[in-house]
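The values are calculated or read from the model by the stated rules, or taken from the named source; none is laboratory data. Keep in mind that this is a model prediction, so the values were computed, not measured. Cβ atoms come from the backbone with ideal geometry, glycine included; neighbour counts cover every protein chain shown.
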Amino acid sequence: MTVVILSVAYVQVDCATCGFTFAVPESLIERRRRDGLDFFCPAAAHRMNYGKTEADRLREQVAGLQRRVDAGQATLTAVRDQRDAAERARRAQVGVVTKLRKRVSNGICPCCRRTFADLARHIAGQHPDFAAEVPDAAADA
């Protein structure tokens, strides 16, 4: 016959529901603190636990930060798309102004598309409001 002497450390626990005091092995309490699983009151089987584990809190924090990063990237993509669209619109407008300036420099009226030798006199006499409608492309360049 062999005699084995066991030494187990116990921790005093009070049931949060009924107040019953009981002892639980320290190793079980440490496991429940790490894994967050339930243990029960021996008097009335009340469920108890130590709440979220540190790993759970860290996972939630990482998930929240990832959501913020994703939202920031989506915002950045939207802003870049808007910038690209504005640049395309600007280039198109520059093209329109350039085409118009070339036509005018060749003596073609931009309003009625007729050719005139003295276009400046024609614009001033026949289309006096035209100068106010068309911005000066040289000022934009």
Task: Of residues in region 1-19 being surrounded by 10 or more Cβ atoms within 10 Å (Cβ to Cβ), touching a strand residue (DSSP E or B) at 6+ places or on another chain (Cβ under 7 Å) and β-branched (Val, Ile, Thr), the one farthest from Phe39 (Cα to Cα) - done: Val11
Open item on the list: Let me spell it out: the conditions are (1) closer than 30 Å to Pro128 by Cβ; (2) touching an Asp or Glu at 6+ places or on another chain (Cβ under 8 Å), and Phe20 meets all of them except one. Which number is the exception?
Closed with: (1)
- [ ] Please indicate, with yes or no, whether at least one residue in region 97-111 is outside any helix (DSSP H, G or I) and among the aliphatic types (A, V, I, L, M).
- [x] yes
TODO: Please tell me if Arg31 is part of a helix (DSSP H, G or I) and closer than 24 Å to Val8 by Cβ.
DONE: yes
Task: Filter pass, Val24 being among the β-branched types (Val, Ile, Thr), in the same structural domain as Asp129 (by TED's automatic domain parsing) and either at pLDDT 90 or above or in a helix (DSSP H, G or I) (or both) - done: no
TODO: Take region 2-21 and flag every residue that is closer than 17 Å to Asn49 by Cβ and either part of a helix (DSSP H, G or I) or in contact with a helix residue (DSSP H, G or I) (Cβ under 7 Å, 6 or more places away or on another chain) (or both).
DONE: Val11
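Looking at region 86-110 only, could you name the residues that are surrounded by 13 or more Cβ atoms within 10 Å (Cβ to Cβ) and closer than 24 Å to Gln126 by Cβ? Break it down stepwise before answering.
Here is the first cut: in region 86-110, the residues surrounded by 13 or more Cβ atoms within 10 Å (Cβ to Cβ) are 93-94, 97, 100-101, 103-104, 107-110.
Passing the criteria: Val97, Leu100, Arg101, Arg103, Val104, Gly107, Ile108, Cys109, Pro110.
Can you find a residue in region 35-50 that is assigned to a helix (DSSP H, G or I) and either out of contact with any strand residue (DSSP E or B) (no Cβ under 8 Å at 6 or more places or on another chain) or touching a residue at least 60 places away in the same chain (Cβ under 8 Å) (or both)? Don't jump to the end; show me each part of the working.
Step one: list which residues in region 35-50 are assigned to a helix (DSSP H, G or I), which gives 35.
Subset that is either out of contact with any strand residue (DSSP E or B) (no Cβ under 8 Å at 6 or more places or on another chain) or touching a residue at least 60 places away in the same chain (Cβ under 8 Å) (or both): 35.
The answer is yes; a qualifying residue exists.
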